[in-house]
Amino acid sequence: MGIVEISGVALTMFQLKGVAYQWWQTYELGIPADAASLSWTQFSKMFLREFVPQTLQVAWRAKFEQLRQGTMSVSEYAVRFSDLSRHAPALVSIVRERVCRFFEGLSHDIQFNMAQELETDVLFQQVVEIAR
């Protein structure tokens, strides 16, 4: 479990101001004293539901679903992928789904080269196994 999931809520609540701070205070007053701590995931969902219009959330998800590398470098694509994937957690809930979706958005040249490398590695592994 990462630092954000463990301490993200505590660190974030000190940054809230104005209406967001009042919202948080109201939330804290309404929970029982012995209630379990709120996880970052729970906090994020509550915060988005309260302060980000549903239409904007849908637009971010659509941007993620349509994301392709295009003219971006792989690094730029990776940053954009990471940023937008936060708005579509159901689409990348497990690592395998995340990797597949990332791979599918890469340029066809890179996909082709990666497939060749994988095939070469598999063939190499088969040769090593036969040699044993």
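Annotations for the structure displayed:
- Segment 65-89 - residue that is among the charged types (D, E, K, R) and closer than 19 Å to ILE110 by Cα and, of those, most open to solvent (accessible area, probe 1.4 Å): ARG68
- Against the numbered list (1) touching a Phe, Trp or Tyr at 6+ places or on another chain (Cβ under 9 Å); (2) open to solvent by less than 40 Å² (accessible area, probe 1.4 Å); (3) more than 30 Å from GLY18 (Cα to Cα), ALA62 comes up short only at (1).
- Segment 12-40: number of residues that are open to solvent by less than 70 Å² (accessible area, probe 1.4 Å) and polar (S, T, N, Q): 3
- Residue match in segment 2-17 (condition: modelled with pLDDT of 90 or more and in a helix (DSSP H, G or I)): no
- Entry remark, segment 29-71: residues being more than 21 Å from SER82 (Cβ to Cβ) and assigned to a loop (DSSP other than H, G, I, E, B) number 9 in total.
The values are calculated or read from the model by the stated rules, or taken from the named source; none is laboratory data. Values in this document were obtained by computation on a predicted structure and should not be read as measured data. We place every Cβ from the backbone using ideal geometry, glycine too, and count neighbours over all the protein chains shown. Ligands, DNA and RNA are stripped out before the accessible areas are found, and what is left, the full protein with its side chains, is counted by its heavy atoms. Shrake-Rupley method; radii C 1.70, N 1.55, O 1.52, S 1.80 Å.
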